[in-house]
Amino acid sequence: MATMHPYLNFDGKAEEAFNFYKSVFGGEFTFFAKMSDAPDSDKLSEEERNRVMHVALPINEQTILMASDCVPSMGHVLKEGNNMYINIQADSREDADRLFNGLSAGGTIEMPMEDMFWGDYFGSFKDKYGIQWMVNFSNQGQ
């Protein structure tokens, strides 16, 4: 059975917000990377390289709060409605494809399912009802 995790977007405040969330929920980040960790990050401004690419904070055994910052030079603009995704952790590549294809039908694909540089199989889209989704499969866990 797939699991779902809230995924938040920020405009340069993800690190600040997640340090706050960590102070409330406790625990430790299981993943924290800046945009400077991504390929071709040298093309970004210093401010954008310092933005959060991905952060994950376990809230309990079933829920991980995740986030990233938008990157304005890549055309990302934070606006109400795109500041949160539902992230589905699929049990297999086949399950990821099934969920992605089913939920994205009639919607707008942001990133098709493909192998990513960080090692996961990932895609994102907005469904026909305007809800933003991410589908992810990782052999390494979350």
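Since every read-out is calculated from the coordinates, none of them should be taken as a lab result. The structure presented is a predicted model; accordingly, all values stated were derived computationally and were not measured. Neighbour counts run over all protein chains shown; Cβ positions are idealised from the backbone, glycine included.
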Can you count the Lys pairs in the chain whose Cα atoms are under 25 Å apart, with each pair 8 or more apart or on different chains? 13
Hypothetical label at residue 131: residues of the stretch 74-103 whose amide nitrogen lies under 19 Å (7 Å Cα-Cβ projection): 80-91, 95-103
Estimated dipole of the chain in Debye, rounded to 20 [Cβ of Lys and Arg +1, of Asp and Glu -1, Cα centre]: 320 debye
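Which semi-axes, in whole Å and largest first, does the equivalent ellipsoid of the chain have when worked out from the alpha carbon gyration tensor as the square roots of 5 times its eigenvalues?
Each semi-axis is √(5λ); the values are 23, 19, 15 Å.
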Amide H partners (placed H, <5 Å) of residue 84, local residues excluded: 9
Give me 133, 118 ranked fewest to most by other Cβ atoms within 10 Å of their Cβ, as a rough exposure proxy. 118, 133
Tell me, 49, 93 in order of fewest to most beta-carbon neighbours within 10 Å? 93, 49
Going by how many other Cβ atoms sit within 10 Å of their own, how do 7, 21, 129 line up, fewest first? 129, 21, 7
What are the ³J(HN,Hα) values, in whole Hz, obtained from phi via the Karplus relation 6.51 cos²θ - 1.76 cosθ + 1.60 with θ = phi - 60°, for each residue of the stretch 3-16 in sequence order, with x given for Gly and Pro? 10, 10, 9, x, 10, 9, 10, 10, 10, x, 10, 4, 5, 4
